[in-house]
Amino acid sequence: MSPIQVLAVASEVFPLIKTGGLADVTGALPLALAAEGVQTVTLIPGYPSVLAALPAAEVVHRLPDLFGGPARLLRGTASGLDLVAVEAPHLYQRPGNPYVGPDGRDWYDNAVRFAGLARAAVAVAVANGALADFTPNIVHAHDWQAGLAPALLHYGGGRRPGTVMTVHNLAFQGLFPGDLLGLLGLPPNAWAIDGVEFHGSISYLKAGLALADRITTVSPTYASEIRTAEGGMGFDGLLRARSHVLHGILNGIDDQVWDPASDTLIAAPFDVRRIARRAANKQDVQDRFGLTRAPETLLLGVVSRLTWQKGLDLLLDELGPILDLGVQLAVLGTGDAAMEARFIAAAATHPGQVGCVIGYDEGLAHRMQAGIDALLVPSRFEPCGLTQLCALRYGALPVVARVGGLADTVIDANEAALSAGIATGIQFSSGMLLPAIERSAALWRDPEMWNRMRRNAMRADVSWRRPAGHYARLYRDLIAERGA
Ligand code: ADP
Ligand code: GLC
């Protein structure tokens, strides 16, 4: 079998730079792919935190003019990943969030910042490219920030690697003015319905979806949803037309980073045979969130970006009747200012019963998964979702909306699943959050049943092993098809 060399292209890689689950995926998948005989090099913008993590990186290539300034490709390793950073200070040397400036608005030059990433990808991907020992036979682009890479390779002509576009979230479309076409290096015929044009703009996401050889998304259910008018966000027609190359492959999580038995971030490590030790972690969460120390009270948790997608306003809307069930709620999140304010107010109104920490805190996320009894994920849509996978592994039962990857990863405690002894959480359909929490509370009152579900949850395979096998097969098929 020919070796598989993959150039992954992404704007986020855990632990170097992260705003969401995308980073977790690009940070963990290459390690699991290695076991499948796939070598991955990951290309990433040279944000300050990325360059700081690569002090010994080597200059492997120079691009004299990358959209208004010189750039160098730096190769190095960090966290077990083989990385190439695009060092281009005029594009990426900006602190903080990678997409928005201090005024909270998208950087004015995001079009060229991410066209720069795509152009660097082409420099590595073409024959006799930038890396002497690495000629990828696959370029794997993640989300809109990398979407131009398959398009530039498609229009570039000549021999090129196979291309895969993974969509982690269709809501982020990378829309820019159409008159940039020439500047971006796209030919006039790219301005077409089967090219990069999307309702009068250029969409970097569409560029990838239309022109990559394969499309993947991060769960089978989301792969179906995005082909419908309700879930397609304007791309459903294109995705239906390309159904034959669209695959839904579930995400996993890094089960070394997320391992309750060896986690040094939590108060008391535990495993499925020593579940009783969770009690100390529950107390730790109750203390941290100013909640009454009450081992017998059902402790619900939220670990999330606070955005419309995540549906946490629906939780706030029903908070009164939910709290009347006698549960506690701990919320860790950041995002929408109005939602943050509502959670802060709820904590002030219900001291001892509701606590919230506004912010992004990786360590506290671990402590919460180890200590809460159930994790609420009432998303309006969810391509995959990783928090519910972490929750399963740590024995916090996920209570999730039946959408996207949430539907694919949690086994609902319906009668059949309960009697078969396979349930791992609770699913609910739109608008049914309160009844779902009532069901959870009823199950909680049956400790034997709860513990059984908890053990099932902890035994569920949420690792990258199986998904990595799917990706490897997809790469192999594509290479065979292209005769590479
Ligand atoms: P999304 O990528 O849409 O935000 P995911 O569930 O796929 O949702 O991934 C979110 C990741 O970010 C998970 O690893 C989760 O634990 C983490 N996370 C989200 N919000 C916070 C927070 N406030 N503090 C710490 N980790 C968070
Ligand atoms: C996106 C999605 C989330 C998914 C993550 C990683 O951020 O919102 O559902 O888990 O990407 O694929």
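The values are calculated or read from the model by the stated rules, or taken from the named source; none is laboratory data. Everything quoted here is computed from the prediction, not taken from an experiment. Cβ placement follows ideal geometry from the backbone for every residue including glycine, while neighbour counts extend to all protein chains displayed. When the accessible area is computed, the model is the full protein with side chains, heavy atoms only, and any ligands, DNA or RNA have been set aside. Shrake-Rupley method; radii C 1.70, N 1.55, O 1.52, S 1.80 Å.
Here are a few things to note about the model shown:
- The one condition in (1) within 16 Å of ligand 1 (Cβ to nearest atom); (2) surrounded by fewer than 15 Cβ atoms within 10 Å (Cβ to Cβ) that residue 260 fails to fulfil: (2)
- Looking across the range 147-177 at every residue that is away from ligand 1 (no atom under 16 Å from the Cβ) and of a type in the set (Gly, Ala, Ser), the one that is nearest to residue 219 (Cα to Cα) is identified as 147.
- Residue in the range 19-34 that is nearest to ligand 1 (Cβ to nearest atom), counting only those that are modelled with pLDDT of 95 or more and under 26 Å from residue 95 (Cα atoms): 21
- Long-range neighbours under 9 Å by Cβ, at least six apart or interchain, first residue closer than 26 Å to residue 7 by Cα and open to solvent by less than 20 Å² (accessible area, probe 1.4 Å) within the range 93-118, second of a type in the set (Asp, Glu) and not in a helix (DSSP H, G or I): 98/12
- Selection status of residue 284, under 26 Å from the mean Cα position of the chain (by Cα) and open to solvent by 10 Å² or more (accessible area, probe 1.4 Å): no
- Yes/no for residue 325 being at pLDDT 95 or above, surrounded by fewer than 20 Cβ atoms within 10 Å (Cβ to Cβ) and more than 16 Å from ligand 1 (Cβ to nearest atom): yes
- Among residues of the range 264-296, those that are within 16 Å of residue 375 (Cβ to Cβ) and in a loop (DSSP other than H, G, I, E, B), counted: 2
- Looking across the range 1-17 at every residue that is open to solvent by 40 Å² or more (accessible area, probe 1.4 Å) and modelled with pLDDT of 95 or more, the one that is farthest from ligand 1 (Cβ to nearest atom) is identified as 15.
- Within the range 443-457, residues that are basic (Lys, Arg) reach partners that are surrounded by 20 or more Cβ atoms within 10 Å (Cβ to Cβ) with beta carbons closer than 7 Å, at six or more positions or on different chains, in the pairs 454/395; 454/397.
- Within the set 386, 418, 406, 434, the sole residue that is open to solvent by less than 10 Å² (accessible area, probe 1.4 Å) and either in contact with a helix residue (DSSP H, G or I) (Cβ under 7 Å, 6 or more places away or on another chain) or more than 11 Å from ligand 2 (Cβ to nearest atom) (or both) turns out to be 406.
- Residues satisfying the stated conditions in the range 138-159, i.e. in a loop (DSSP other than H, G, I, E, B), open to solvent by 10 Å² or more (accessible area, probe 1.4 Å) and at pLDDT 95 or above: 143
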